[in-house]
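Undergrad: Mind having a look at this structure? Questions to follow.
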Amino acid sequence: MLQELVIHDFAIIEDLELSFEAGMTTLTGETGAGKSIIIDAVGLLAGSRGSADFVRTGANKATLQGLFDATANPRTPEVMAQFGLAPDDGMVLLQRELYASGRNLCRVNGELVNTATLRAIGETLVDIHGQNEHQQLVHPETHLGLLDQFAGAKVGKLLAAYQAQYATYQKDQVTLTKKHQNEREWAQRLDMLKFQVNEIQSAELKPTEEDELIAERDRLANFQKNLRRADAKL
């Protein structure tokens, strides 16, 4: 849930601070009053594409801050943990600065992050209908989590049991893969040893063959010496 929204020098908005209560909040006003700009600001906090065009004329940068209560959203801490982050007492502060020079800075709970990280976390907190980049329902990978969240305690025990069984399956799968890999390595080693044995058997080596070969080598070496001496005398 979005609790606080702070906007400075964003489009036509110079300074704006909004606090939200539990339940439904409606923004009303004439066309051009800035309602869609507030939605754009929230979308940027959730990681949508930004540009220097959003910076208010005459300003150096636009600053956006959104404070979210994520205590009732188990998905948010899971995604944050992937980036080494965590909610602060269940709260998540998203910040973004857009500079007229084109520079862009994003922070989550005061930690600098890139836009992709901001988007991954922001999508667990913000769902802007009509803007496809933040509609969780159009992302198939979120469907199962939404269904589990909707079912709540009705499937909680079944889900926990399934996850435990699946973790065991994954562990056994790793063990089986290593076993098959070891079997292949042993089979390759056995084939190599059989090949080497066949090579040795094909050579028909004799117990005294090494001594005979050494003697033959020495005899040929002496023959070469004697031949060179004879050539020198001639």
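All of the numbers you see were taken from the coordinates with simple rules; none came from a lab. What you see is a predicted model, and the numbers here were worked out from it, not measured in a lab. For neighbour counting, all protein chains shown are included, and Cβ atoms are generated from backbone atoms with ideal geometry for every residue, glycine included.
Undergrad: Quick one: net charge of F223's neighbours, Cβ under 15 Å, K/R +1, D/E -1?
TA: Taking every other residue near F223 into account, the sum is +2.
Undergrad: Say R0 is 35 Å: what FRET efficiency, to the nearest 0.05, do I13 and T177 get from their beta-carbon distance?
TA: My answer for the efficiency is 0.05.
Undergrad: Just the Cα atoms of region 2-151, one point each, no solvent: what log10 I(q)/I(0) does Debye give at q = 0.10, 0.17 Å⁻¹?
TA: Here the Debye-derived log intensity ratios amount to -0.35, -1.01.
Undergrad: Could you tell me the center-to-center distance, by alpha carbons, between region 156-234 and region 1-21 in angstrom?
TA: 72 Å
Undergrad: To the nearest 20 Debye, how big is the dipole of region 75-197 about its Cα centre, given +1 on the beta carbon of each Lys and Arg and -1 on that of each Asp and Glu?
TA: 480 debye
Undergrad: Just flag the trypsin sites (Lys or Arg not before Pro) in region 74-134 sitting in loop per DSSP whose Cβ has no more than 14 other Cβ atoms within 10 Å.
TA: When the trypsin sites (Lys or Arg not before Pro) of region 74-134 are filtered for loop state and at most 14 Cβ neighbours within 10 Å, R103 remain.
Undergrad: Test of understanding: extend the Cα→C-beta vector of S101 to 7 Å, then name every residue of region 36-77 with backbone N under 20 Å from that spot.
TA: Of the residues in region 36-77, 50-64 have backbone N under 20 Å from the label point off S101.
Undergrad: Please check the chain for the longest run free of GluC sites (Glu not before Pro) that are loop-located per DSSP (anything but H, G, I, E, B) and have at most 13 other Cβ atoms within 10 Å.
TA: With a cap of 13 other Cβ atoms within 10 Å, the longest stretch comes to 31-203.
Undergrad: Let me ask you something else. Would any residue of region 85-115 have its amide N under 12 Å from a label point 7 Å out along Cα→Cβ of A52? List them or say none.
TA: Only 99-104 fall inside the zone, counting backbone N under 12 Å.
Undergrad: Kindly state, to the nearest 0.05, the FRET efficiency for V6 paired with Q82, given R0 = 22 Å and r defined as their beta-carbon distance.
TA: That pair, V6 with Q82, gives E of 0.25.
Undergrad: Separate question: Applying 1/(1 + (r/R0)^6) with R0 = 41 Å to the Cβ-Cβ distance of E21 and A59, what FRET efficiency is obtained, to the nearest 0.05?
TA: Using R0 = 41 Å, I get an efficiency of 0.85.
Undergrad: May I ask you to derive the relative contact order of the chain, considering only C-alpha pairs under 8 Å and at least 6 residues apart, and to give it as an integer percent?
TA: 15 percent
Undergrad: Using a Cα-Cα cut-off of under 25 Å, which lysines could be cross-linked to K178, ignoring same-chain neighbours fewer than 8 residues away?
TA: Filter leaves K194.
Undergrad: Please arrange H139, H8, H180 by how many other C-beta atoms lie within 10 Å of their C-beta, fewest to most.
TA: Ranked by crowding around the Cβ, least crowded first: H180, H139, H8.
Undergrad: If you keep only loop residues by DSSP, which trypsin sites (Lys or Arg not before Pro) in region 28-58 have at most 16 other Cβ atoms within 10 Å of their Cβ?
TA: Those that pass, being in a loop and sparsely packed, are R49.
Undergrad: Taking K and R as +1 and D and E as -1, what net charge do the other residues with C-beta under 12 Å from the C-beta of F20 add up to?
TA: The answer is -4.
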